[in-house]
Amino acid sequence: MIWDEERPPALEADTIHGLTPASGNRTATVRDKAVRAVWAWWPHARLLALAPDVTAPALLHDSDSDSDSEQEYTPDEPPRALTALAASLDDPSAVVASGLCFVFPEQLAAHTPAPPPLLVSDAEGRRAAQRLNRPDNWQPGEWAELIRGETDEWAMAVHDNSPASICFSPASNDTAAEAGIWPRADFRGRRLAPAVVAAWSRRERRNKEVLFHSTTAANHASRSVARTLGLTPPGWIWRVRT
């Protein structure tokens, strides 16, 4: 795979929120109606996408000043352009939130595998999953879609006929897929997640060029999985929600 510093922000925004690329003087548009703006930010690249009815702050286009388009990458602080945009909405419910994004390398780091059985979303695994107990916090419809393989690939560690840890694809497109991790509360801390994430990646890598894992900045468990598997240093995705 030929990597390009400009690709991660665009792929991330498109996979999670849906992205219409910039054209002419128009900033890229985010199709997710739940957000007003997305700023995907990596050390050497960034991308701003706005809701169709939101315009970019003028300071983004002011090349003669200390503009936010030239702001140095500061991963722990929201981009000034986004905070200015949130303030300009004149909506007290507008919230700027952040998350981390880790990209999967071509080869994952070695890790301790989960104890068997470990199911994946091949034909045999889908048949076996039909006999499992559904986790209480999964709705019947979404659980049925998952185990039938209707929401892309998955992998799960199983204990006593119930899932103990699941990795699945909450968002994907033709090029990229995001890894979502679901742990059963009484199995947290048993290092099952790296194994199911690795198994998921082997399934999704067959058809997707880029895999990544997004998480809130405070999610230490997900960051531990990223370190265990050797996922690349993260970029950030900032959102304005109302």
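Here are the numbers for the structure shown:
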{"read-out": "Heavy-atom accessible area order for ARG190, ARG184, largest first, 1.4 Å probe", "value": "ARG190, ARG184"}
{"read-out": "The chain - percent of accessible surface contributed by carbon and sulfur, probe 1.4 Å", "value": "49"}
{"read-out": "The chain: calculated mean residue ellipticity at 222 nm from DSSP helix runs of at least 4, using -39500 (n - 2.57)", "value": "-7000 deg cm²/dmol"}
{"read-out": "Rounded tilt (10° steps) of 7-17 against the dominant C-alpha axis of the chain", "value": "70"}
{"read-out": "Rounded if a/c under 1.5, otherwise prolate or oblate - the chain, Cα gyration tensor axes", "value": "prolate"}
{"read-out": "Accessible-area value, CYS101, 1.4 Å probe, nucleic acids and ligands omitted, Å²", "value": "0"}
{"read-out": "Residue-level accessible surface for VAL197, protein heavy atoms, 1.4 Å, Å²", "value": "0"}
{"read-out": "In degrees, nearest ten, helix 220-229 long axis to first principal axis of the chain (Cα)", "value": "70"}
{"read-out": "Where the range 90-201 is the region considered: accessible area per residue in Å², 1.4 Å probe", "value": "50"}
{"read-out": "The range 88-187 - charge dipole about Cα centre, Lys and Arg +1 at Cβ, Asp and Glu -1, debye rounded to 20", "value": "480"}
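The values are calculated or read from the model by the stated rules, or taken from the named source; none is laboratory data. For clarity, every value in this text was computed on a predicted model and none was experimentally measured. Ideal geometry is used to build each Cβ from the backbone, glycine not excepted, and the neighbour counts take in all protein chains shown. The protein model used for the area step is the full one, side chains on, heavy atoms only, and it has no ligands, DNA or RNA in it. Shrake-Rupley method; radii C 1.70, N 1.55, O 1.52, S 1.80 Å.
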